[in-house]
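*Asks:* Shown below is the structure under consideration.
The values are calculated or read from the model by the stated rules, or taken from the named source; none is laboratory data. Note that the structure is a prediction, hence the values are computed from the model and not measured. Neighbour counts run over all protein chains shown; Cβ positions are idealised from the backbone, glycine included.
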Amino acid sequence: MGLQKKLLLLALVGIAGATSLTGCSGDTPKQEGTEMTATANEQPTMEIKQESFGKTKEGQETNLYTLTNEHGMQVKISDYGATVTSILVPDKEGKLGNVVLGFDDQSGYQSPAYLKSGPYFGATIGRYGNRIAKGKFTLEGQEYKLATNNGTNHLHGGNKGFDKVVWQAEPLPKQNALKLTYVSADGEEGYPGQLTSTVTYTLTNDNELKIAYAATTDKTTHVNLTNHSYFNLAAGEAKDILNHNLTLNAERYTVVDETLIPTGELRNVSGTPMDFTKPQPIGSRIKEVPGGYDHNYVLTDTSKKLKHAATVVEPASGRMMEVFTTEPGIQFYSGNFLDGTITGSGNNTYGKHYGFALETQHFPDTPNQPQFPTTVLKPGETYESATVYRFSVLDSKQE
Ligand code: GLA
């Protein structure tokens, strides 16, 4: 972007919006305590559109909510699975494109092809994102058995995780936010304790999608909530994400066995295809990683505050996405299991590596690995977690 055009844009949007347009990295979004609240960003009340998303196979009504901001950025969220179904963001020419994988109505999320491949597009994952070895753990002297829905392991909350239930939605127009609540019964999918979870999606005028999670329980349990959006910043113009440049603020990752369960070793990425400490095209070394990327990275900044975790740039469209989180880890998944059997919004067929996920989280199998940061939640405590996906376009200096 030329200097004159940039100055004009700065004058138009004010300093607050400048980061999102110039694409400067490293500026952490606003946060109040560990719970990043929707009110942190003052902005005029925006209308939140609500429409029918169709019925579930079981006959339950679902709804779609649309958040829009002053720049025309738009986020659609379904109350089925508290799922992000679409995110429209501008490219360097100002043209809006949908940068996530998803469907235009409920039926897509329950089609036989979708259920068979189980990609969890855009969904809220719970009560435990990622794997728990052999689907069991011992807590306060008692062993709990969970569903083993991923070979011999438990994955993403079990057979009917938080991605497959209808949440109660509450639009918060003053904050340009949508709050969703789900009460998971004691014993559901084998977990102890009735767990009440909320997910609040806020769209700011800095082109940030903020996701704030909170949960309370009536018995000691494990909680690890995340969002499973798949991004393709080319908005479907490129049929895979291999040319996207990725930076991860992580020097180590959790080494896994052949069933993708951590061995306990945190290995340095330096000098290996796992190294994204400097921007690298996702595809440049992917062939050297058996099966592709599906690994939990250990964020270098171990504080619980909102901190920079990742940056992704798609060179052709100029779109950039920065990820900030309060979590200690991030699962980088390069869409290895997408196999062309699913066609989604915009009539796009999702082949291998069509999208990538960056799932902010605690480490996989923490319930069985006491040396990892804990995922235990006790009665009287509140689980809190926040993640921000900030969109912008690449500054010409950075191209
Ligand atoms: C996570 C897992 C992957 C896969 C996807 C969904 O990213 O780590 O192995 O299960 O979810 O297909």
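*Asks:* Output the number of residues of segment 217-237 satisfying the condition of being under 26 Å from G141 (Cβ atoms) and within 10 Å of the chain's Cα centre (by Cα).
*Replies:* Qualifying residue count for the region: 1.
*Asks:* Could you say which residue among K278, K287 is charged (D, E, K, R), over 29 Å from G340 (Cα atoms) and over 21 Å from the mean Cα position of the chain (by Cα)?
*Replies:* K278
*Asks:* Among the residues of segment 109-150, what is the count of those that are in contact (Cβ under 8 Å) with a residue 24 or more places away in the chain, part of a helix (DSSP H, G or I) and either more than 27 Å from F53 (Cβ to Cβ) or in contact with a strand residue (DSSP E or B) (Cβ under 9 Å, 6 or more places away or on another chain) (or both)?
*Replies:* Number of matching residues: 5.
*Asks:* A further question on this structure: Let me confirm something: among G141, G187, G193, G151, which residue is within 24 Å of S117 (Cβ to Cβ) and of a type in the set (G, A, S)?
*Replies:* Criteria check complete, one pass: G151.
*Asks:* Take segment 361-376 and flag every residue that is assigned to a loop (DSSP other than H, G, I, E, B) and within 14 Å of the ligand (Cβ to nearest atom).
*Replies:* Of everything in segment 361-376, those that are assigned to a loop (DSSP other than H, G, I, E, B) and within 14 Å of the ligand (Cβ to nearest atom) turn out to be H362, F363, P364, D365.
*Asks:* Can you pull out every residue in segment 335-360 that is farther than 18 Å from A235 by Cα, within 10 Å of the ligand (Cβ to nearest atom) and of a type outside the set (F, W, Y)?
*Replies:* N336, E359
*Asks:* Considering each of T349, T360 in turn, give the residue that is surrounded by fewer than 18 Cβ atoms within 10 Å (Cβ to Cβ), β-branched (V, I, T) and at pLDDT 95 or above.
*Replies:* It is T349.
*Asks:* Do any residues in segment 366-383 that are more than 14 Å from T138 (Cβ to Cβ) have Cβ atoms under 6 Å from those of residues that are surrounded by 12 or more Cβ atoms within 10 Å (Cβ to Cβ) and acidic (D, E), where the two are at least six apart or on different chains, and which pairs are they?
*Replies:* P379/D218
Rundown of residues vs (1) of a type in the set (S, T, N, Q); (2) at pLDDT 95 or above; (3) under 24 Å from the mean Cα position of the chain (by Cα), yes/no style:
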{"position": "V84", "(1), (2), (3)": "no, yes, yes"}
{"position": "N98", "(1), (2), (3)": "yes, yes, yes"}
{"position": "F137", "(1), (2), (3)": "no, yes, no"}
{"position": "Y144", "(1), (2), (3)": "no, yes, no"}
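*Asks:* For K57, indicate whether it is away from the ligand (no atom under 16 Å from the Cβ), touching a helix residue (DSSP H, G or I) at 6+ places or on another chain (Cβ under 6 Å) and more than 19 Å from Y230 (Cα to Cα).
*Replies:* yes
*Asks:* Exactly one condition in (1) more than 12 Å from the ligand (Cβ to nearest atom); (2) within 16 Å of N296 (Cβ to Cβ); (3) not in a loop (DSSP other than H, G, I, E, B) is not met by F324; state its number.
*Replies:* Only one criterion is unmet by F324, namely (2).
*Asks:* Another question, then. Take the residues of segment 111-147 that are within 14 Å of the ligand (Cβ to nearest atom) and of a type in the set (V, I, T): which is surrounded by the fewest Cβ atoms within 10 Å (Cβ to Cβ)?
*Replies:* Among residues in segment 111-147 that are within 14 Å of the ligand (Cβ to nearest atom) and of a type in the set (V, I, T), the one surrounded by the fewest Cβ atoms within 10 Å (Cβ to Cβ) is I125.
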